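Structure record follows, encoded as structure tokens.
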Amino acid sequence: MKANLKSLSIKQTGLALLLTGTMAAASWAAPAPSAYAANEGVFISNSSYFMLGKAALSSSSLQFSVLFHNGENESLDFNKYGVRVTDGSGHSYTANLSEKKSGMVAPGSEESFRFYANLPAGESADDLKVDIVRWNMNKANFMDDLGMLPVASVIGEGQLEAPEEIINLRTLDSTQSIDAALSFQLGQSVRVTENGKWYMYTQVSAKNLGNSSVKLPSNLAVRLVDASGMKYTSTVASGSDTTFLPGQKDTLTLKTLITKSVADSGLNLEYYYLNQSEEVSLGTLSMNSSLNTTALGAEQSYAGQQDGEHVVVKATSSQYAKQADGVHVQSVVTVRNNGDAVAAVPSFVGTYQFGDSGTSVSTTDSSERSGFLAPGETTTYYLNATLPVGIDPEAAQLVLWQKTSVGSGTGSTGTSSGSGTTTSGSGTTGAGTGTAGSGTSSGGSTAAGSGATTGQMPVAVFVLKGASEAKNGFTTAVNYKLGDKLVFANNSVVNANLDVSLVELHEHENDDLGYKTAIAKFKITNNGTNTLALPELENALVDNKGNTYTGTRQSGVSTQITPGSSYVISYSYLLPNKTASDDQSFALNVYDSKTVSEGSVSAGTYKVAMQTAEEGDTISVYPFSLKINDSSVSWLYSGGNYSYQLTLDMDITHEDQVIVDSSFSKIEFEMVDSLGRIVGTQDSSLMGTGKLTSGVQKVVVSGLKNEQVDSGVVVNMYEVITTPNGTAKRLLKQFH
């Protein structure tokens, strides 16, 4: 991990890697050049010197960097020198390296080395100096003093707040080794709502600076302190049982119950412990740069990833539609692996939070996706929800919650008195399930502690300012030619090895019923090498006014499609009877409503139009074509019974090699008298037993009564599909 330690040297090239370790002392083997202090540093020769880089002083420690500039023609070894901190009273404090790196400095270059020193409370930067020494085994104290560098000279305005807090664990537990220390650095902090309450979640990177494995001391407590001095106890929601290996770091998540009125500015994270009944502060970290929300379209590092991964997350867009039942909102979130190694795909849910009352609604995307992301690969989530009527969607926030395993343990709270302050007991660290605790104090202040993990941690908060109002699918539809492959934006709708195309779209008016029926046929082809599940392919037709007509899938469809084969599936739509001015254009919207918690996700919208009825002798019933060569209608009388007979001479061709099974469309012949009454029907098919064939065949409706015999009879030929909602018909031909 790299740290931004700005060197005050002429070359400005210092760089420090934050790796824990210590450097061994070594004797100076050759006579050393005389060293002397100058304003700009401690010189060991005319061209080689030490300088202080950036320093930060907290209530319990000093962190600083020492720049070693080598102006010689040979490498110099920093291990031959030592560093300590001295205060105005002459007391010296051990300076420990907070990184592990080579001590060799190449000729003509400079290196920066990070240190920390634990100090008693009340030390001032004006009284502190960094003492540079050279190890000398011939001296009683084994060192030569080379000079001192004033700390105040490198602590500028605004740098007094430590970027990290280093805590000597021996302060909390006398059984710990003398070098046992943890360095805490703030990650992101987010303000979120859970069960009607406001919480602050803060991620903290904890690094073991010692040479032995350690765990968080049980008496180490953490709390938030706002600008007015109000205190809110934090618990460790994740990571309380972590064992920190020497030189290694891990991430802790702190959870703090707060009031809705807590201001973001002026917040500090304070580490402390109880010495009997007295609170002893170990240091504070300013949270000003930690509080984090992300704008739409902005990319941020995914906070829930594993160490070494480089996963980024972005809310690419958010759209909303104001309807009678509320504000329907959909946000598209992408997760991309920017690293060089495979990364795990995050498992998260979302909530939309709005207002000051702690109200939120949940949203999920349960699409099937790979468990890993290859380098450069992106996966997409669609998060839908309905906000209450009157909510401004641009004022809402989308929170992503990483699913986590649930641990055990609780935090604790207590009470205190005193005007203008609030405390919540010892606030000892803990993790796991539990209930939120709270305490009270006199003087009009409030104390609060939080329970532990509920199995999820917030990892990102997106501000939805800039969300756009959704347009209806008709206006956003792309041009489409019947028979072409449908290109889907959402890969979760259809397997990548399946091609889908719309091959037929006809309508039929049902004058008696007051509506018309549209029938669409989709061809699905398996280009892969394995048998795949047939997609459900939810779809609807959208007219130019934005009205949506949902497609109903035919009954009895196969569930799988074999490699190298094609299958045809029919859908029916109930449409209002048209007027003369109605536009016959539609948008076909293919969507997914199964993998999202609410609403649907559009995979694509395509401009389509109803096919005109065939006026010639050839009828298309995909994948068949029927050419009518001749036809006649007559009636017969035999044994007291009357019958109508349709004689057909036709050629039937299987135009496209797609699979049709018993669920495929049927052919129905309907005989209607001159008064428009149906006097009989006869069913047939284009496949299976009794199917229609090329050549001459007769269709007979028998059992008619004398009064049903009519010279003006008309025979309607229909294509019929069976759906869960009944049958849908398409008129193919009329015979007189």
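The values are calculated or read from the model by the stated rules, or taken from the named source; none is laboratory data. Computed from a predicted model, the values in this text were never measured in an experiment. Using ideal geometry, Cβ is built from the backbone for each residue, glycine included, and neighbour counts are taken over all protein chains shown.
Tabulated data for the structure shown
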| read-out | value |
| --- | --- |
| Any hit, the range 582-601, residues being hydroxyl-bearing (Ser, Thr, Tyr) and more than 31 Å from the chain's Cα centre (by Cα) | yes |
| Verdict on residue 385 being over 22 Å from residue 343 (Cβ atoms), more than 14 Å from the chain's Cα centre (by Cα), surrounded by 16 or more Cβ atoms within 10 Å (Cβ to Cβ) and touching a residue at least 60 places away in the same chain (Cβ under 8 Å) | yes |
| Among (1) surrounded by 20 or more Cβ atoms within 10 Å (Cβ to Cβ); (2) modelled with pLDDT under 90; (3) within 23 Å of residue 366 (Cα to Cα), the one test that residue 517 misses | (3) |
| Near pairs, Cβ below 8 angstrom, 6+ apart or cross-chain, from the range 314-338 (more than 16 Å from residue 490 (Cα to Cα)) to any residue that is among the aromatic types (Phe, Trp, Tyr) | 327/320; 328/320; 329/320; 329/352 |
| Residue within the range 328-340 that is in contact with a helix residue (DSSP H, G or I) (Cβ under 6 Å, 6 or more places away or on another chain) and aliphatic (A, V, I, L, M) present | yes |
| Sole residue being more than 19 Å from residue 732 (Cα to Cα) and modelled with pLDDT of 85 or more, chosen from 570, 600, 566 | 566 |
| Matching residues in the range 680-693 - criterion: being surrounded by 15 or more Cβ atoms within 10 Å (Cβ to Cβ), in a loop (DSSP other than H, G, I, E, B) and small (Gly, Ala, Ser) | none |
| Yes/no for residue 77 being over 30 Å from residue 220 (Cβ atoms) and surrounded by 15 or more Cβ atoms within 10 Å (Cβ to Cβ) | yes |
| Flag for residue 82 being part of a strand (DSSP E or B) and either within 22 Å of residue 184 (Cα to Cα) or at pLDDT below 85 (or both) | no |
| Selection from the range 349-381 of residues that are at pLDDT 90 or above and basic (Lys, Arg) | none |
| Yes/no for residue 556 being outside the structural domain of residue 333 (by TED's automatic domain parsing), over 36 Å from the mean Cα position of the chain (by Cα) and either at pLDDT 95 or above or closer than 17 Å to residue 660 by Cβ (or both) | yes |
| Considering residues of the range 229-253 that are in contact with a Ser or Thr (Cβ under 6 Å, 6 or more places away or on another chain) and among the aliphatic types (A, V, I, L, M) only, the residue farthest from residue 211 (Cα to Cα) | 230 |
| Residue check, residue 266 in the same structural domain as residue 172 (by TED's automatic domain parsing), within 15 Å of residue 184 (Cβ to Cβ) and touching an Asp or Glu at 6+ places or on another chain (Cβ under 8 Å) | no |
| Answer residue from the range 254-268, given it is touching a residue at least 12 places away in the same chain (Cβ under 8 Å) and not in a strand (DSSP E or B) and is nearest to residue 209 (Cα to Cα) among those | 267 |
| Test for residue 211: is it touching a Phe, Trp or Tyr at 6+ places or on another chain (Cβ under 9 Å) and either surrounded by fewer than 21 Cβ atoms within 10 Å (Cβ to Cβ) or under 26 Å from residue 401 (Cα atoms) (or both) | no |
| Given (1) over 30 Å from residue 258 (Cα atoms); (2) buried (at least 17 other Cβ atoms within 10 Å of the Cβ); (3) touching a residue at least 40 places away in the same chain (Cβ under 8 Å), number of the condition residue 191 does not satisfy | (1) |
| Subset tally (residues that are touching a Pro at 6+ places or on another chain (Cβ under 9 Å) and under 19 Å from residue 719 (Cα atoms)) for the range 623-680 | 5 |
| Qualifying residue in the range 694-705 (condition: more than 56 Å from the chain's Cα centre (by Cα), in a loop (DSSP other than H, G, I, E, B) and closer than 27 Å to residue 483 by Cβ) | yes |
| Subset of the range 120-139 (residues that are under 50 Å from the mean Cα position of the chain (by Cα) and either free of Cβ contacts under 8 Å to residues at least 60 places away in the same chain or farther than 16 Å from residue 51 by Cα (or both)) | 120, 121, 122, 123, 124, 125, 126, 127, 129, 131 |
| Residue count for the range 642-679, restricted to those that are at pLDDT below 85, assigned to a strand (DSSP E or B) and of a type outside the set (A, V, I, L, M) | 3 |
| Residue in the range 175-187 that is over 23 Å from residue 274 (Cα atoms) and part of a helix (DSSP H, G or I) present | no |
| Residue 578 surrounded by fewer than 21 Cβ atoms within 10 Å (Cβ to Cβ), closer than 24 Å to residue 321 by Cα, at pLDDT below 95 and in the same structural domain as residue 489 (by TED's automatic domain parsing) | no |
| Candidate set: the range 106-162, residues that are buried (at least 20 other Cβ atoms within 10 Å of the Cβ), aliphatic (A, V, I, L, M) and part of a loop (DSSP other than H, G, I, E, B); chosen: the one modelled with the highest pLDDT | 128 |
| Test set (1) part of a strand (DSSP E or B); (2) touching a helix residue (DSSP H, G or I) at 6+ places or on another chain (Cβ under 6 Å) - residue 88 fails condition number | (1) |
| Whichever residue in the range 503-544 is in contact with a Phe, Trp or Tyr (Cβ under 7 Å, 6 or more places away or on another chain) and small (Gly, Ala, Ser) and, among such residues, is nearest to residue 729 (Cα to Cα) | 518 |
| Hey, residue 603 closer than 21 Å to residue 501 by Cα and either assigned by TED's automatic domain parsing to the domain that holds residue 661 or in contact with a helix residue (DSSP H, G or I) (Cβ under 9 Å, 6 or more places away or on another chain) (or both) or not | no |
| Counted residues, the range 592-603 - those being closer than 22 Å to residue 526 by Cβ and buried (at least 22 other Cβ atoms within 10 Å of the Cβ) | 2 |
| Hits in the range 292-332 - residues which are within 18 Å of residue 190 (Cα to Cα), among the hydrophobic types (A, V, I, L, M, F, W, C) and part of a strand (DSSP E or B) | 295, 312, 313, 315 |
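Let's see how each residue does on (1) outside any strand (DSSP E or B); (2) crowded, with 20+ Cβ neighbours inside 10 Å:
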position	(1), (2)
492	yes, yes
521	no, yes
524	no, yes
536	yes, no
544	yes, no
558	yes, no
563	yes, no
